[in-house]
1. Assigning unit charges at the beta carbon (Lys, Arg +1; Asp, Glu -1) and nothing else, what dipole magnitude in debye, to the nearest 20, does region 41-273 show about its Cα centre?
2. Pick out, from 399, 192, 346, the residue whose Cα sits farthest towards the positive end of the charge dipole of the chain, with +1 on the Cβ of Lys and Arg and -1 on the Cβ of Asp and Glu.
3. For residue 152, put the label point 7 Å out on the Cα→Cβ axis and report which residues of region 96-136 keep their amide N under 13 Å from it.
4. Give the average over all directions of the projected area of the C-alpha convex hull of the chain, one decimal, in nm².
5. For 247, 366, give the ranking by accessible area with the largest first, probe 1.4 Å.
6. With labels modelled as points extended 7 Å from the Cα through the Cβ direction, what inter-label distance (nm, one decimal) is found for residue 285 paired with residue 343?
7. Counting Lys +1, Arg +1, Asp -1, Glu -1, what net charge surrounds residue 315 among other residues with beta carbon under 14 Å of its beta carbon?
8. Let me check I've understood the local charge: for residue 16, count other residues with C-beta under 15 angstrom from its C-beta, Lys and Arg +1, Asp and Glu -1. What total comes out?
Amino acid sequence: MPLDLDFVRRCFPAFAEPTLTSTAFFENAGGSYACAPVIDRLDTYIRRLKVQPYGAYPASREAGEWMDESYRRLAPYLGVPDDWLHFGPSTSQNTYVLAQAFRRRLAPGDEIVVTNQDHEANSGVWRRLAADGVAVREWRVDPDSGHLDPAALARLLGPRTRLVCFPHCSNIVAEINPVADIVAMAHAHGAHCVVDAVSFAGHGFPDVAALGADAYLFSLYKTFGPHQGLMVIRPELRAELGNEGHYFNADQPRKCLTPAGPDHAQVAAAAGIADYFDALDAHHHPGAPAADRPARVRALMHAADTALLARLLDGLAARPGLRVLGPQTPDARAATVAVVPDEPTPLALAEALGQRGLMVGASHFYAVRLLEAIGIDPARGVLRLSMVHYTSADDVDRLLAGLDAVMAAR
């Protein structure tokens with residue numbers, strides 16, 4: 001059964017919001033719309049359960065139970081036990097804390113590998129460890145395509161490689177990197193792998209255990225949920241890294257890597273993502289076994305993305321004056337397409353499209369190193385067109401027509 005877009009959109013209140021009815025949303029890589037179950041849970045929690053959780057009285061106990069439910073419900077969609085999940089204020093914050101935990105366990109001369117394809121959150125925090133004597137090796141993209149070649153990584157790995165940090169896919173070139181193969185290569189050299197999945201997870205939660213990553217991070221506000229970061233980390237690595245929280249919480253795994261503590265209400269609301277995924281599967285596959293639900297939901301979202309990408313990439317290829325970054329085929333990339341126009345500037349183009357109700361982004365999107373590597377001025381940036389499964393084919397056609405109109409007017 002193909003994706004029922006009418007059903008999907010009924011699950012997102014934004015599509016019924018009067019101020020948005022004449023718009024088409026292409027800034028999903030910056031933050032997706034929240035699904036109704038997340039909004040409902042957040043509203044209920046704040047009205048009825050906004051107390052200190054895990055206490056002695058009924059409201060407090062229930063507040064803790066709502067938080068626990070998010071761990072329990074999201075874990076199967078990621079293919080891991082719930083004690084692998086750690087919530088934090090954002091992915092940038094989670095990565096920063098993770099880097100500080102690693103810092104104390106790396107000796108001068110130990111080596112880490114970073115890329116220039118990453119969002120700065122999974123690059124800068126690791127590069128700063130050079131101040132402690134850690135050798136930082138850069139896995140560089142191809143300057144023409146932005147591609148990360150695994151063969152180039154193999155030449156960087158050695159007996160003192162301790163850590164390899166890379167994205168599941170870039171937020172600019174959007175090529176999907178072969179995570180499992182890269183992880184296996186790093187593990188063969190005794191190195192851990194930290195994977196930034198912020199630009200990937202909104203297109204379908206993967207089976208993280210199957211990928212083999214030691215730490216896998218993404219942002220729930222880009223996966224139809226609240227503004228929290230989620231880190232999936234193997235318990236043996238968490239135990240090795242020790243405690244970054246208050247000393248008296250060292251025996252509480254959920255607090256070891258969240259020193260400031262997450263937002264209780266937003267953690268509780270995150271279970272709404274699982275509510276939505278459950279409803280999506282039940283609508284499209286009534287009566288199907290629950291055990292296979294994560295794979296079915298992933299496949300539904302992937303199929304919708306692929307069709308949208310094919311339509312957009314074909315349309316952009318037929319329009320002169322636009323350089324499309326990343327792979328030109330939909331099966332090799334996520335549904336985020338960065339474009340470099342000859343004229344006007346990306347920001348001017350985004351503003352003109354915005355006046356037509358087409359919501360797109362223009363920036364360097366924290367990928368300054370990548371843009372510099374492929375010859376694009378980060379100050380000028382790119383125009384970014386990002387879709388998820390609730391985007392419609394009509395939205396894509398409207399965007400292409402808007403590009404034609406705006407560029408013709410120049």
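The values are calculated or read from the model by the stated rules, or taken from the named source; none is laboratory data. Predicted, not measured: the structure shown is a model, and the values here were computed from it. Here the Cβ positions follow ideal geometry from the backbone for every residue, glycine too, while neighbour counts run over all protein chains shown. For the accessible areas, the whole protein counts, side chains as well, though only heavy atoms, and no ligand, DNA or RNA atoms are used. Shrake-Rupley method; radii C 1.70, N 1.55, O 1.52, S 1.80 Å.
1. On the way: 22 positive and 26 negative charges, 117 e Å.
With Lys and Arg at +1 and Asp and Glu at -1, about 560 debye.
2. Comparing the listed Cα positions along the dipole, 192 ranks first.
3. Taking a point 7 Å out along Cα→Cβ of residue 152, the residues of region 96-136 whose backbone N falls under 13 Å are 114-118.
4. 20.5 nm²
5. So the residues, ranked largest to smallest area, are 247, 366.
6. Label at residue 285, label at residue 343, 5.2 nm between them.
7. So the surrounding residues net to -2.
8. Neighbour charge sum, excluding residue 16 itself: -1.
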